[in-house]
Amino acid sequence: MNMEKRGQATLFIILGIVLVFLVALYFIGVQQDIIPPLLSDGDSASQMAAVDQHVRACMAEVGGQYVTQIAAQGGYLAPASDTYRLYNDTQVSYLCWNQVGVPTCTNRLLTLSHMEEELTDVIDDALGTCINVYDVSDDIEAAENWELTVDIQRDSVDMLLYYPVSVDDGDTVVTEDEFSESLNVPLGELYEVSQDVVNDHAVGGDFEQLIYMLSKLSRYTIYKYKPYPDVLYQVKLRDDSYVFQFAIQGESNV
């Protein structure tokens with residue numbers, strides 16, 4: 001029995017010595033770049049996939065905030081004084097100016113390109129709050145600056161970011177120059193509806209939302225409010241929560 005116990009103890013000692021030797025050999029191999037570390041950030045391709053996910057998440061977060069804001073404010077992110085009315089603590093832009101003494105108004109001529117420019121400027125600046133790709137891996141080299149393009153479609157807002165990033169894991173180098181993200185909001189389509197409303201006010205002095213909604217087979221829900229002396233509209237797809245709101249400037253008789 002004692003011989004058996006001594007044999008087991010000897011076996012454990014030998015196994016311990018072998019384990020220590022293997023661990024020491026591993027660390028020496030890692031230091032000499034002979035053996036890759038077990039807890040590395042992953043290969044270049046997997047690291048670049050993580051970078052892509054990180055950048056797109058940043059674009060979605062920042063872009064979503066401002067795409068919602070520009071719709072709530074009638075197409076302008078920073079409306080100048082006397083160009084909006086305050087409604088429920090929101091600066092809702094006038095899209096048609098009052099004409100003194102007549103019910104018609106003057107179309108302000110908001111354009112998609114103007115909204116794209118405003119969105120590009122603010123999103124480009126705000127990306128710096130979350131785009132730090134060096135948080136993803138130590139194997140990354142990235143350009144100092146980036147260039148953002150925003151394109152408003154009928155059913156989406158598409159963002160394309162030119163931002164060269166490379167990952168070098170010591171074996172392979174993977175490079176990606178562009179990152180894209182699409183926000184599924186109907187900003188372009190609701191803009192078109194808003195212009196139909198504005199054009200009716202500019203030509204005839206009013207807009208019949210019920211007739212319009214029926215003519216569009218109830219695709220849209222349009223709310224019409226009259227906070228004196230203005231008229232305010234909220235436009236949305238019937239089954240969607242994304243809202244574009246704007247105001248028609250009225251004339252005060254006080």
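The values are calculated or read from the model by the stated rules, or taken from the named source; none is laboratory data. The model shown is predicted, which means the values in this text are computed figures rather than measured ones. For neighbour counting, all protein chains shown are included, and Cβ atoms are generated from backbone atoms with ideal geometry for every residue, glycine included.
Do you know which of the residues in region 195-240 that are closer than 20 Å to residue 93 by Cβ and under 23 Å from the mean Cα position of the chain (by Cα) is surrounded by the most Cβ atoms within 10 Å (Cβ to Cβ)?
My answer is 235.
What tally of residues in region 109-132 results from selecting those that are surrounded by 19 or more Cβ atoms within 10 Å (Cβ to Cβ) and at pLDDT below 95?
Count: 1.
Please tell me if residue 117 is touching a strand residue (DSSP E or B) at 6+ places or on another chain (Cβ under 9 Å), in a strand (DSSP E or B) and acidic (Asp, Glu).
Considered against the rule, which asks whether it is touching a strand residue (DSSP E or B) at 6+ places or on another chain (Cβ under 9 Å), in a strand (DSSP E or B) and acidic (Asp, Glu), residue 117 comes out as no.
Give me a count of the residues in region 195-243 that are of a type outside the set (A, V, I, L, M, F, W, C) and under 11 Å from residue 105 (Cβ atoms).
Qualifying residue count, region 195-243: 7.
What pairs come up if the first residue lies in region 112-140 and is of a type in the set (Asp, Glu), the second is surrounded by fewer than 16 Cβ atoms within 10 Å (Cβ to Cβ) and modelled with pLDDT under 95, and their beta carbons are under 6 Å apart, counting only those six or more places apart or on different chains?
139/168
Could you run through region 80-110 and say how many residues are on the phi > 0 side of the Ramachandran plot and free of Cβ contacts under 8 Å to residues at least 24 places away in the same chain?
Looking only at that region, the number is 4.
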